[in-house]
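Worksheet: the structure to be examined is printed underneath.
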Amino acid sequence: MTLIDLANPTKFLSLTGRILPWLAGVTAILLTIGLYQAAMAPDDYQQGATVKIMFIHVPNAWLSMFVWGVMSLAALGTLVWRHPLADVAAKAAAPIGAAFTFLALVTGSLWGRPMWGTYWQWDARLTSVLILFLMYLGLIALWRAVDDPSRAARAAAILTLVGALNLPIIKFSVDWWNTLHQPASVLRMGGSTLDRAFLIPLLVMAVGFSLLFVTLHLAAMRNEILRRRVRSLQIMQASQQAA
Amino acid sequence: MTALAALIRRDIRIALRVGGGALIGVLFFLTVTVLMPFALGPDLALLTRLGPSILWLGALLASLLTLDRLFTSDHEDGSLDLIVMGRTPLELACAAKALAHWLAAGLPLILATPVLGLMLNLDATATSAVALTLLVGTPALTFIGMIGAALAVTLHRGGLLLAVLVLPLSIPVLIFGVAASQAAISGPLPFGTPFSILCAISLVSFVIGPFAAAASLRHGLD
């Protein structure tokens, strides 16, 4: 089974139909374990119980960038290989990515209220995630502006790739512009500074959320394929009635 | 080469003649700058402090306003199809069109900057710093905006979408443009650091812009 075999939507539907319940099950189990561990994790000596927001906030923030990466791969699939499912994958990923980004912003803002004393701080990381959110919304608007799916797919693919090139530049310039947020502490040279009591539930939650993304993405792709079939059936029916 | 020079000459001529609308951008720049004191109050000290930011924001919005013209009129009269099918590489043709657009619509903004700086109570150093950063930064705005313009023209009704797509991408230019002007006026940073990064962003946009716009035109037009 290679990527090219999945180009047939019927094969894709039957395969994902078999995989999806298992994926959903594993996701639910992992998220339950992660949430339980997060609830049992000790309070931080400085931040108290609010540190538990981290277990939701950090996976969402990671995924908000990861989903753009997935969309960039799908964009390459659309433009270079003309893979028939690549534009379905890109279209289905955009709203999910926007949702993860929105959740990262909301949880970050709720965390900021007790920590910084304000819901919104124009700090570098918050601001660059907000810009990422705006770019997701622009991309969704682009998808919705065109009724021909393949034309919309190529336009969205170009915008996604330009965005992927620009996002590091935007991130760097916003960092330069203002920084107040703590520097990265989980993935960095010389090992993590996070205590194991926090690190393990965080990693479980991160894997759980990633699987949640895969599950939602596959389900959304199935919906999109079925939606396109319904649409072409409706057009066929309308043209038969006209004839 | 002659084909590209001819394309540039033609675009500038169309932009400057009746119905071209290149100078609308300057008028808009002037109007936005005049509106600012109404919103902020006529306090000259405050306007001096905010002047560089006001000018940069005005120039950004003004260059966005005219971007729509970059491909739309050529698409309507069919010459865009000729350019796409022509023997000149489409990437070069796009770069030439963007250059012509910047010469017709971007350069007047910079020429207007000293006058507007005077109205915002900026001294000679501040005005020349803003004009210099605009001279380096506005080409980046045009070349990045060209991607949005090319996407918009293939989507038929993309005019409104253009602003939403282009503005987030132009944030780095705004950040370093304003930072360089502020550094020249009040410090404490040296002017060179943000200014060289602004130059780098412009150079990157010269590469990304034409290729992305050409790809979008090639894939999108039918």
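All of the numbers you see were taken from the coordinates with simple rules; none came from a lab. All values reported here derive from a predicted model rather than from experimental measurement. For neighbour counting, all protein chains shown are included, and Cβ atoms are generated from backbone atoms with ideal geometry for every residue, glycine included.
Remarks
- Taking 15 Å as the cut-off, the amide N atoms of the range B:1-17 that come nearer than this to a point 7 Å along the Cα-to-beta-carbon line of B:Thr88 belong to B:1-15.
- FRET efficiency, 1/(1 + (r/R0)^6) with R0 30 Å, evaluated for B:Leu16 and B:Asn121 via beta carbons: 0.40
- Helix-only arithmetic for chain A: the sum of -39500 (n - 2.57) across DSSP H runs with n ≥ 4, divided by the residue total, places the mean residue ellipticity at 222 nm at -27500 deg cm²/dmol.
- Cα-based Kirkwood hydrodynamic radius, the protein assembly as shown, one decimal, Å: 24.6
- Each part gets one Cα centre, and for the range A:65-105 versus the range B:15-34 those centres are 39 Å apart.
- Rg in Å to one decimal, and Dmax rounded to a whole Å, for the range B:2-220 via C-alpha atoms: 17.6, 57
- Residue-averaged 222 nm ellipticity for chain B, from DSSP H runs of 4+ at -39500 (n - 2.57), nearest 500: -27500 deg cm²/dmol
- Angstrom value of the Kirkwood radius, inverse mean 1/r, which spans all Cα pairs in chain A: 19.9
- When the Cα convex hull of the range A:1-124 is projected onto planes of every orientation, the mean area is 9.9 nm².
- By other beta-carbon atoms within 10 Å, ranking A:Lys91, A:Lys11 with the fewest at the front produces A:Lys11, A:Lys91.
- Kyte-Doolittle at least 0.0, axis length at least 15 Å by Cα - qualifying DSSP helices, chain B: B:2-16, B:24-40, B:44-67, B:90-101, B:107-119, B:124-154, B:159-169, B:171-186, B:192-220
- Gap separating the Cα centres of the range A:129-160 and the range B:57-122, nearest whole Å: 24
- Computed over the alpha-carbon pairs of the range A:89-140, the distance histogram in 5 Å steps reads 5, 21, 27, 21, 13, 8, 5, 1, 0 percent, short to long.
- Those residues of the range A:129-145 whose amide nitrogen sits under 15 Å from the label point placed on A:Ser109, 7 Å along Cα→Cβ: A:129-134
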